[in-house]
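K.L.:
Encoded as structure tokens, here's the structure I'll be asking about.
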Amino acid sequence: MTVTPSQMIPLRTNAPDFSLPDVASGKMVSLSDLKSDKATVVMFICNHCPFVKHVRKELVALAKEYASQGIRFIAINSNDVEQYPEDAPLHMKTIAKEWGFSFPYLYDETQRVAKAYRAACTPDFFVFDQNLECVYRGQFDDSRPNNNLPVTGKDLKFALDCLLKGAPIPEAQKPSIGCNIKWKA
């Protein structure tokens with residue numbers, strides 16, 4: 001495991017469109033199909049990463065809470081499944097069901113979507129406004145495996161709350177920290 005920070009794309013970057021298979025339904029879905037008129041959270045996660053496992057319970061709860069306010073969450077797994085077979089679509093489907101994902105869990109086999117978003121780690125969070133412009137990119141919160149801080153999602157929640165209130169989101173944002181995306185050779 002290589003601990004890697006987010007690349008912190010420039011704020012106001014437009015969300016790259018994509019079309020990827022949803023492991024639960026088996027259907028191809030696009031960003032334009034899934035986006036919200038309020039805000040869309042695109043997050044790069046996977047099954048095996050200890051950083052993702054560390055926040056998963058609170059992430060699932062947060063996504064359910066904010067979905068009721070019109071915010072859409074989209075999870076994407078871009079890892080090389082030849083190197084990490086536990087991240088394969090069949091296992092993604094199992095994890096999504098086991099953890100009650102209320103959001104689509106998409107498989108980026110070619111890794112083009114991760115590259116277009118400049119995703120670097122799992123988890124890596126990007127929040128886009130109603131115009132699909134990036135208003136937040138960074139960490140879930142300050143908690144990490146073994147640092148004994150509670151998992152709260154406070155950083156992501158704060159950005160979403162600001163967006164819902166029409167308040168500016170501070171530009172000083174902390175990068176996410178996690179396992180590097182497992183790129184194909």
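The values are calculated or read from the model by the stated rules, or taken from the named source; none is laboratory data. In this text the structure is predicted, and so the values were computed from the model without any measurement. Counting neighbours? That spans all protein chains shown, and the Cβs are built from the backbone with ideal geometry, glycine included.
K.L.:
Kindly provide the set of residues from the range 88-108 that are touching a residue at least 24 places away in the same chain (Cβ under 8 Å), out of contact with any strand residue (DSSP E or B) (no Cβ under 6 Å at 6 or more places or on another chain) and either in a loop (DSSP other than H, G, I, E, B) or of a type in the set (D, E, K, R) (or both), ordered by number.
P.N.:
Once the filter is applied, which keeps residues that are touching a residue at least 24 places away in the same chain (Cβ under 8 Å), out of contact with any strand residue (DSSP E or B) (no Cβ under 6 Å at 6 or more places or on another chain) and either in a loop (DSSP other than H, G, I, E, B) or of a type in the set (D, E, K, R) (or both), the range 88-108 yields LYS93, LYS97, GLY100, PHE101, SER102.
K.L.:
Another question, then. Kindly list, by first and then second residue, each pair from a residue in the range 1-26 that is assigned to a strand (DSSP E or B) to a residue that is acidic (Asp, Glu) and surrounded by 12 or more Cβ atoms within 10 Å (Cβ to Cβ), limited to pairs with Cβ atoms under 7 Å and residues at least 6 apart or on different chains.
P.N.:
Partner pairs satisfying both residue conditions: ASN14/GLU133; LEU20/ASP108.
K.L.:
Ok, one more. Taking the stated definitions as given, is GLN130 touching a residue at least 24 places away in the same chain (Cβ under 8 Å) and surrounded by 15 or more Cβ atoms within 10 Å (Cβ to Cβ)?
P.N.:
No.
K.L.:
Looking at the range 27-37 only, could you name the residues that are crowded, with 18+ Cβ neighbours inside 10 Å and either assigned to a strand (DSSP E or B) or among the basic types (Lys, Arg) (or both)?
P.N.:
Listed by number, the list holds a single entry, LYS35.
K.L.:
If I ask for residues that are crowded, with 20+ Cβ neighbours inside 10 Å, assigned to a loop (DSSP other than H, G, I, E, B) and not small (Gly, Ala, Ser), which ones from the range 66-80 would you list?
P.N.:
Across the range 66-80, the qualifying residue is only ASN79.
K.L.:
Kindly indicate the residue of the range 1-26 that is in contact with a strand residue (DSSP E or B) (Cβ under 6 Å, 6 or more places away or on another chain) and small (Gly, Ala, Ser) and also surrounded by the most Cβ atoms within 10 Å (Cβ to Cβ) among those meeting that condition.
P.N.:
Top of the filtered list is SER6.
K.L.:
Of the numbered conditions (1) part of a loop (DSSP other than H, G, I, E, B); (2) without any contact (Cβ under 8 Å) to a residue 40 or more places away in the chain; (3) over 16 Å from SER6 (Cα atoms), ALA172 fails exactly one; give the number of that condition.
P.N.:
So the condition that ALA172 fails would be (3).
K.L.:
For SER102, state whether it is surrounded by fewer than 22 Cβ atoms within 10 Å (Cβ to Cβ), closer than 25 Å to SER30 by Cβ and in contact with a helix residue (DSSP H, G or I) (Cβ under 9 Å, 6 or more places away or on another chain).
P.N.:
yes
K.L.:
Please go through the range 118-135 and give me each residue that is of a type outside the set (A, V, I, L, M, F, W, C) and under 11 Å from the mean Cα position of the chain (by Cα), ordered by number. Break it down into steps so the answer makes sense when it comes.
P.N.:
Quick first cut of the range 118-135, residues of a type outside the set (A, V, I, L, M, F, W, C) only: 118, 122-124, 129-131, 133.
Listed by number, the residues that qualify are THR122, PRO123, ASP124.
K.L.:
Check the range 100-116 and report whether any residue there is closer than 15 Å to ILE74 by Cα and of a type in the set (S, T, N, Q).
P.N.:
yes
K.L.:
Within the range 109-163, can you find the residues that are over 30 Å from LEU90 (Cα atoms), aliphatic (A, V, I, L, M) and assigned to a strand (DSSP E or B)?
P.N.:
If the condition is that a residue be over 30 Å from LEU90 (Cα atoms), aliphatic (A, V, I, L, M) and assigned to a strand (DSSP E or B), then VAL135 is the only one that fits.
K.L.:
With respect to VAL42, determine if the residue is outside any strand (DSSP E or B) and at pLDDT 95 or above. Working first, answer last.
P.N.:
Working: outside any strand (DSSP E or B): no; at pLDDT 95 or above: yes.
The answer is no for VAL42.
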